[in-house]
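Quick notes on the structure that follows.
The values are calculated or read from the model by the stated rules, or taken from the named source; none is laboratory data. Since this is a predicted model, take the numbers as computed values, not measurements. Here the Cβ positions follow ideal geometry from the backbone for every residue, glycine too, while neighbour counts run over all protein chains shown. Accessible surface is based on the protein model in full, side chains and every heavy atom, while ligands, DNA and RNA are left aside. Shrake-Rupley method; radii C 1.70, N 1.55, O 1.52, S 1.80 Å.
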Amino acid sequence: MDDMSPKSSSGRFRKWFKRKHKNKQKHKQPDPYNYLDGLSADGEDEGDYIMDDVYISSFEMDPCTSTNELRIFVGTWNVAGRSPVGSLAVDLEEWLKPQDAADIYVLGFQEIVPLKTRTVIGAEDPTEATNWNLLIGKTLNENFGCPWLTPMLNPVSSDNYQYVKVPDCERRASFSGVIDSTLMRGRWITQYHQQLVLGGSKYKLMASKKMVGVFISVWMKKELLKKYCVSNVKVSSVACGIMGYLGNKGSVSVSMSIEGTSFCFIAAHLASGEKNGDEGRRNRQVSEIFKRTSFPRSAKDDDNRHPLTILGHDQIFWFGDLNYRLDLEDNLARDLIKKQDWKALQGFDQLQKEQEDGGVFEGWREGNIKFAPTYKYSSSNCNRYSGGLPNRSGEKQRTPAWCDRILWYGKGVKLLSYFRSESKFSDHRPVSAQFSTQIEVMKSTNSRFLDKETNFHNIMPPEQIGPSINKEGGKPTLLSLIVKDTESSSTHMQVDTNY
């Protein structure tokens, strides 16, 4: 035992791991095509989804670290209370540009439900969030030559994108229990979703959180879940709207760690208004979100300490309808827009002032804005800003502004592009940014996956594998447990590589 080689100990570990999973795998039929498989409803509210931790490092570990690149797409869109129906699938594809194939997609939405009294003070209804997740999954996974769903004899066109209720008797047994209990029980799903398990998906939903109309959805390439350790996926929400505590305004956030780098994504919807002093309300809400957003530890967490607050993370992305306006008269702003003099226009931008010394976003960065203001357009299916002279009857007078923004904070982040899309689905235009980020990775010649219930997130390197009794108080080592288990059983099974 004392002179056991790393190679043989790794083999013993694999055999031991296979047997320990025998009972669990006996009753489980993993679905390699289900992008929601592995999610648990561990969020604060029904309809919140968080990816379970699924990683372990092998014995064959080089203690050195290296940095790897990840491409992250961050997008924000105020959809003005409209449901994801009709021709939106085409708009979503143009916005996400899935042919560019980012590693991670982080999408923030505002007003996915109308901000009426019933939706603001009533119980959370996850229906719209589920509908958006289904459409996002369809868009991401149908554009890589490996269709998310197999062709149907009578496919539903994007212009007839309707939701149908699937009877209990027609639900496929291969859906995971999590999906059956959280997504399909009494929920409206698409006709496409019935054939989910027949196709192949490349992106998996990691986390999703809704608060009234604010919604965040985080997706990752499934291949990265096999390549990297992804852990401590958590969600948080802060309501700071009416009376300072209602959810018509506020934020929803996702915290997660990829290898040795922690990420925080904050989707926010801040106070509206272009009168003097309205920017002060927005600043106070930003301060409240910084103060009240938290990701507390729980008994299910691994031994690696994760950040508890926004600023504790290595890389932070803050995006949404931040509602900062232009300190400029309406006619002057429209003149600069006609000239496409974005640099001059940015000199009057409230948010850029908040990134200077003493501002609420001091030290935060944003890409150079080389596109027209994204708000407020006259109506859906229109390219004309609301108001102006002559003002049309019934239109709100609003000075155009860059309300929809994406900021970041931290090291190892490089902006690749910053742009708006031209969907006319709402009175806002969607905004996107693509980033190249560096993550800290522990060099290893091999890695295996374990789910969080196995409880061995920290495996000792070969040089620490020695006697079967630990020097600290006679505590058995992992190796002694493996050997003991090896001697007590001679049967083992094959591990499903798609688990």
Does LYS370 satisfy being under 20 Å from LYS338 (Cβ atoms), modelled with pLDDT of 95 or more and open to solvent by 30 Å² or more (accessible area, probe 1.4 Å)?
yes
Within segment 45-93, residues at pLDDT 65 or above, in a strand (DSSP E or B) and over 29 Å from SER236 (Cβ atoms) come out as CYS64, SER66
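For segment 98-125, give me each residue that is of a type in the set (D, E, K, R), touching a Phe, Trp or Tyr at 6+ places or on another chain (Cβ under 8 Å) and either buried (at least 22 other Cβ atoms within 10 Å of the Cβ) or on the phi > 0 side of the Ramachandran plot (or both).
none
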Tell me, please, whether a residue that is open to solvent by 50 Å² or more (accessible area, probe 1.4 Å), closer than 24 Å to ILE121 by Cβ and out of contact with any Asp or Glu (no Cβ under 8 Å at 6 or more places or on another chain) can be found in segment 256-270.
no
Determine whether segment 115-130 contains at least one residue that is of a type outside the set (Val, Ile, Thr), under 27 Å from SER417 (Cα atoms) and modelled with pLDDT of 80 or more.
no
Could you list, in sequence order, the residues of segment 288-332 that are buried (at least 21 other Cβ atoms within 10 Å of the Cβ) and more than 21 Å from GLY75 (Cβ to Cβ)?
PHE295, ASP314, ARG325, LEU326
Collect the residues in segment 198-251 that are in a helix (DSSP H, G or I), open to solvent by 20 Å² or more (accessible area, probe 1.4 Å) and hydrophobic (A, V, I, L, M, F, W, C), keeping them in residue-number order.
LEU198, ILE242, MET243
When you go through (1) in a strand (DSSP E or B); (2) modelled with pLDDT under 95 one by one for THR399, which number turns out not to apply?
(1)
When residues of segment 402-433 are filtered for being assigned to a loop (DSSP other than H, G, I, E, B) and aromatic (Phe, Trp, Tyr), how many remain?
2
Matching residues, segment 317-354, being in contact with a Leu (Cβ under 8 Å, 6 or more places away or on another chain) and in a loop (DSSP other than H, G, I, E, B)
LEU322, ASN323, TYR324, LEU328, PHE348
Consider ASP302 carefully, then state whether it is without any contact (Cβ under 8 Å) to a residue 24 or more places away in the chain, farther than 28 Å from GLY358 by Cβ and not basic (Lys, Arg).
no
Looking at LEU345, LEU415, can you tell me which residue is at pLDDT 95 or above and open to solvent by less than 30 Å² (accessible area, probe 1.4 Å)?
LEU345
